[in-house]
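A short reminder: the numbers here are calculations on the coordinates, not readings from a lab. Keep in mind that what you see is a predicted model, and the values were worked out from it rather than measured. Note: ideal-geometry Cβ built from the backbone for every residue, glycine included; neighbour counts use all protein chains shown.
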Amino acid sequence: MNYASLKYLLLLLMFSQIVLSQESKFDFTLAYSPTTSRLTNGEENEKSKIGHNATFRITYSAKGIIDPTVGLGFLNTGAEEFLDFSNEIFQGQIEIENIHNYNYLYLPIGAKINFSRFYFLPEIGLGVMVSNRTKQITKRPIVSDEKTVQIISLDSEAFNALTFPLLLSLGTDFEVGNYSLSTGVKGYYGLNQVVKTDRRNDHYFGFGLNLALNL
């Protein structure tokens, strides 16, 4: 974990919230996006995995078409990898499923472009990797139905500590009773590689629903 970068992100968000909350022109949003995520240039034995994206966002209500935004987000992305082979030592077939999880804390800056109740929200972020873990599930279907599960932390030195996600949300604002809500879709793409030395040039990307509560 890059603690210095993480500290600066948190301090900047806290300062922004203290200053901006003193003005009535600022709105606050809590957003959550369940997504499917994957890596570019993936192998044949890889497929998408379920990921998550949560964001706290501050929007300056300029009463026009474009409203500037800033926030703090958490991004879980990665991919699933499947290996299927036979091994005499383990008495038959072995099936291994690796679920790679890359977790980032990032600061998104963007602009909400309004068309009545519909909006586009492009953002670019600066983030740090807070953890990388692989959930490995091993099965021996011929011998038994049992499976073993272990969590593996990968070599952090091989990963890029900083990330630059590009994000785009499309949706609509509406009201339910006393609550102001938003719903739509969201996609993202990592502008730099996940692993520093990976020759396949792997970038993370994903898309899914976007649900938000406007405070």
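Okay, here's what the table says:
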item: Taking Ser182, Ser48, Ser33, Ser131 and counting other C-beta atoms within 10 Å, the order from fewest to most; result: Ser131, Ser48, Ser182, Ser33
item: Net charge of neighbours whose Cβ lies under 10 Å from the Cβ of Asp27, counting Lys and Arg as +1 and Asp and Glu as -1; result: +2
item: Computed label-point distance, nm, for sites Phe56 and Phe74 using a 7 Å Cα→Cβ extension; result: 1.1
item: Sequence of Leu215, Leu75 once ranked by neighbouring C-beta atoms within 10 Å, starting from the fewest; result: Leu215, Leu75
item: Most to least packed among 171-179, 34-42 [average Cβ atoms within 10 Å]; result: 34-42, 171-179
item: Listed residue pairs exceeding 19 Å between alpha carbons, taken from Lys47/Lys135; Lys49/Lys186; Lys49/Lys112; Lys63/Lys112; Lys112/Lys186; result: Lys49/Lys112
